[in-house]
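Take a look at this one; I'll ask things after.
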Amino acid sequence: MLKRSICAALLAAASAFPAVAAIEVVSAESWDLYRGNSIVQPRVAYPNKAACQAAAPIDVQHRCVGRETFVRRPDAPPPPPPPPTCTAPRPAQETRTQTCPTGTTGSWSQVRSYDAAAYPTCWAAGAWTPAEAPAGEHQATVNLDFSRVVWATNFGSGSRIESVMAGLPSGALTR
């Protein structure tokens, strides 16, 4: 009875404090059969209390004592919280129009999409593609200056040169 009250007191005291250690069982429990203060011979380690009681002789007072071997270990620290994650949806693909360089005419379209990136960035803009205009998209600019064009016509035996040059009257140049 005294043994039970001590165990109950220890259990109550232990429950008043938060758990700071874990128990690692080194060997499974085993039970020994006692008669008085002596272990019954031959000594047998029974796997559970019921097996120990079943091995006791009939009409003789015996007791079964269980034991297990354990090691008290400190608690492992709690695992770190999971890293934050991105919840924003992927941005839509973007499109833009590029004009051809000076001296040419035309334009072409470029697109770019977004790739996943680590938190907190979440989405990184990709490169604009195509980087250069596809072949044939640029047309060379032709700059014709009609103020200096001379037309020549042949009228049989003689020729006459007509000028459409700025400031000269028609027929000013003849041959």
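All of the numbers you see were taken from the coordinates with simple rules; none came from a lab. It should be emphasised that the depicted structure is a prediction, and the values quoted were computed from it without experimental measurement. When we count neighbours, we look across all protein chains shown, and the Cβ atoms used for this are built from the backbone with ideal geometry, even at glycine.
For a quick check: with amide H placed at 1.01 Å from N, whose amide H comes under 5 Å from residue 70's, ignoring anything fewer than 5 positions away on the same chain?
Those lying under 5 Å, H to H, from residue 70 are 26.
Dipole size in debye (nearest 20) for the range 21-74 around its Cα centre, Lys and Arg Cβ +1, Asp and Glu Cβ -1?
On the way: 7 positive and 5 negative charges, 25 e Å.
Value, rounded to 20: 120 debye.
Using a basic spin-label model with each label point 7 Å from the Cα along Cα→Cβ, how many nm lie between residue 85 and residue 62?
5.9 nm
Full extension from residue 109 to residue 28: what is 0.36 nm times the residue separation minus their Cα-Cα distance, to one decimal in nm?
In short, 21.7 nm is gained.
Explain nothing, just the number: relative contact order of the range 21-74, from Cα pairs under 8 Å at least 6 residues apart, as a whole percent. List each step's numbers first, then the result.
Numbers: 89 pairs, mean separation 29.5, N = 54.
After rounding, I find 55 percent.
Now a separate question. Sort 81-90, 62-71 for me by packing, meaning the mean count of neighbouring Cβ atoms within 10 Å per residue, highest on top.
Working: 81-90: 8.3, 62-71: 12.5.
Ranking the peptides 81-90, 62-71 by packing returns 62-71, 81-90.
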